[in-house]
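Structure first, commentary second.
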Amino acid sequence: MVPTEKFLPAASKAEAVARLYALAGAPPEPLGPGSTEKKSVLLALARRLNLPVDDHAAKPVLGAHLARALDAEWTPAAWSRGSTITLHGLNTLLEAATFELHQRAVRSAVEEAFAEELGIGGFRPARSKLEAVNRISALTRSGPQDLGPGSKERKSVLVDLATGLSLDVDTALNKVDLGAAIAARLGAPWSPRYWSTGQTITLEGLNALLAAGERRLGLLGQGPADAFATPGEEAHALLAALDGAIDATWDGRRCVEAMRDAEFRHWRQTEWIGWHFEYVGIAALVNTFGGGPKRVLNTSFDYSLRTTWDLKAHSTGRENAAILNDLDAIEAGLTEPGGLGFIVLTGDPDYSDSVAFDAWHREQRSAGPAHERSRALKSGFRPLRLDAYHLQDQPTLEEAMRHGQFTVMAQGRQPDGNARKPKLKIRFDAANGYGGCRVASRSLTTE
């Protein structure tokens, strides 16, 4: 295998399997108990590559079969006891499959079967309901959509589609009947699999309407990035996806254990809240819209779809500002199409179990005992809000700095005496105000 240029390894098993499902064009599944990957991710990848495999084989055997077919090295480091694939093994398959699928234009078995059923060639099915509703809404530029309670699609998605395409249907019908009426007007099938109890349209049903709408407008072959006309629309959808992945409260021990079990490379960090947001956030975004982390020069940004984004966490009760990336990394990111954005999770920190949590955390990371200069660790966190900020280019950043939305923060020297690179700091009062760079905001659900 020739190594892929600029391949960014996944930082955790959650991210790795999310990216593998996206490559396979298959609906994603979360990690199982103990942060163990499910066999379905390997089977989905095999089908995407049109490789015959034994569905009953153990996961390390399937991984070895895939690695051989992709000309990748499958060493003992790729799996561990209990037939578990390690992060190293998942990244081995991810890199090799990314390279292979970039070399050939081939749709997954799921995509082929669905296109044959619909009789609509060239369609790229949405892999999540949130992706589907946003792509449907984009057909008529009706604005970004999110899901209602219970992750149900809103009727407004269908009403906007019918109205935007000037279809002769009764929009007062219930969702299932309205979906059937739209499909009939667009010449698409409407199977009993396309809806379920409680007036809910399934992902297959939404994809049927999406495919028929794209065919009507001559837009077949579009992907999730095409659903958003502006960074603000994209940010609105990304915040909705993150909302669905963020628990109402974060217990420090459980969060660190989840990151550790998933082999997330930053699980030992004491500022665990920001890393946990990255851990759950990247996987949620990839599972919903595809895309993934992006390297710009020597800097890795957490997620890129049409715009490049970085995820940050901020605790209330401190300065109403947050430190972002190195200034030179941000300036490099501003040269990318779509500009650069930051998604900030704000919440209340909890120090109620700080001493015991600090002792536990030190034991986990094999650190020495605390001393008088040790900082108190947050033992918990209650997420409250997500905000997205966007900068289109370097002149936009310079203008925002003139208005006090950002400042440059000099840092002290490294332990070896070398100078640290200056970082950019965002000041929320100015960035959230009139004329500021905030493009989307969402209060988090607490259920």
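With θ taken as phi - 60° and the coefficients 6.51, -1.76 and 1.60, list the Karplus ³J(HN,Hα) couplings across the stretch 198-210 in order, rounded to whole Hz; mark glycine and proline as x.
Residue by residue, the stretch 198-210 yields x, 6, 10, 8, 6, 4, 4, x, 5, 5, 4, 5, 4 Hz.
In Å and from the alpha-carbon atoms only, list the Rg and Dmax of the chain.
23.1, 74
In degrees from 0 to 90, rounded to the nearest 10, what is the angle of the helix 231-243 Cα long axis to the longest principal axis of the chain?
80 degrees
Please find the FRET efficiency linking Arg365 to Glu117, where r is the Cβ-Cβ separation and R0 is fixed at 41 Å, and quote it to the nearest 0.05. Let's see the in-between values first.
Numbers: r = 52 Å, r/R0 = 1.26.
According to the calculation, E is roughly 0.20.
Given a 10 angstrom Cα cut-off, can you work out which residue in Leu305, Leu209, Leu118 is the most mobile in a GNM of the chain?
The residue that fluctuates most here is Leu118.
Can you list residues whose amide H is under 5 Å from Phe406's amide H, if they're 5+ apart or on another chain and H is modeled 1.01 Å from N?
Placed amide hydrogens put Met401, Arg427 under 5 Å from Phe406.
Label the stretch 129-220 by shape, choosing from rounded, prolate and oblate, from the square roots a ≥ b ≥ c of the eigenvalues of the Cα gyration tensor; if a/c is under 1.5 it is rounded, and otherwise prolate applies when a/b is larger than b/c, oblate when it is not.
Working: a/c = 1.36, a/b = 1.14, b/c = 1.20.
Rounded is the answer for the stretch 129-220, as its axis ratio a/c remains below 1.5.
Quick check of the Kirkwood formula: for the stretch 227-443, what is the inverse mean of 1/r over all pairs of different Cα atoms, in Å?
On the way: mean 1/r = 0.0548 Å⁻¹.
Its Kirkwood hydrodynamic radius stands at 18.3 Å.
Ignoring ligands, DNA and RNA, what percent of the 1.4 Å accessible area of the chain is carbon and sulfur?
On the way: 9940 of 19980 Å².
In the chain, the share of accessible area belonging to carbon and sulfur is 50 percent.
From the phi angles alone, apply the Karplus equation (6.51, -1.76, 1.60; θ = phi - 60°) to the stretch 92-101 and give each ³J(HN,Hα) in whole Hz, x where the residue is Gly or Pro.
Those phi angles translate into 4, 5, 4, 5, 5, 5, 4, 4, 4, 6 Hz.
For a quick check: with amide H placed at 1.01 Å from N, whose amide H comes under 5 Å from Leu384's, ignoring anything fewer than 5 positions away on the same chain?
HN-HN under 5 Å from Leu384: Thr346, Gly347, Asp348.
Which value at 222 nm does the chain reach when only helices count, each DSSP H run of 4 or more adding -39,500 (n - 2.57), with the total divided by all residues and rounded to the nearest 500 deg cm²/dmol? If you can, show how the numbers build up before the last one.
Details: 16 runs with 180 residues, N = 447.
That calculation yields -12500 deg cm²/dmol at 222 nm.
Which lysines have a Cα less than 22 Å from the Cα of Lys129, not counting those fewer than 8 places away in the same chain?
Lys38, Lys152, Lys155, Lys175
Between Leu324 and residues 5 or more places away or on another chain, which pairs have amide H atoms under 5 Å apart, with H built 1.01 Å from N, and which residues are they?
HN-HN under 5 Å from Leu324: Leu424, Lys425, Ile426.
Find how many whole Å separate the alpha carbon centroid of the stretch 47-67 from the alpha carbon centroid of the stretch 77-91.
Their Cα centres are 14 Å away from one another.
Using only the Cα atoms of the stretch 24-143, each taken as one equal point scatterer with no solvent, compute I(q) by the Debye sum, divide by I(0), and report log10 of the ratio at q = 0.13 Å⁻¹.
Calculated log10 I(q)/I(0) at the listed q: -0.60.
Which one, Phe342, Phe99, Phe301, has the greatest fluctuation when you compute a Gaussian network model over the chain with C-alpha springs under 10 angstrom?
Of Phe342, Phe99, Phe301, the Gaussian network model singles out Phe99 as fluctuating most.
Cα-Cα over 21 Å: which of Lys13/Lys59; Lys13/Lys39; Lys59/Lys294; Lys6/Lys59; Lys378/Lys423?
Working: Lys13/Lys59 15 Å; Lys13/Lys39 13 Å; Lys59/Lys294 29 Å; Lys6/Lys59 28 Å; Lys378/Lys423 24 Å.
Cα-Cα > 21 Å for Lys59/Lys294; Lys6/Lys59; Lys378/Lys423; rest within.
What accessible area per residue comes out for the chain, rounded to a whole number of Å², with a 1.4 Å probe? Spell out each step's value before the answer.
Numbers: 19980 Å² over 447 residues.
That works out to 45 Å² per residue.
Can you tell me which of Pro337, Pro383, Pro349 moves the most in a GNM of the chain? Springs connect C-alpha atoms under 10 Å apart.
Comparing Pro337, Pro383, Pro349 in a Gaussian network model of the chain, the most mobile one is Pro337.
The values are calculated or read from the model by the stated rules, or taken from the named source; none is laboratory data. Keep in mind that what you see is a predicted model, and the values were worked out from it rather than measured. Cβ: placed from backbone, ideal geometry, glycine included. Neighbour counts: every protein chain shown. To get the accessible areas, we keep the full protein, side chains included, count just its heavy atoms, and leave off ligands, DNA and RNA. Shrake-Rupley method; radii C 1.70, N 1.55, O 1.52, S 1.80 Å.
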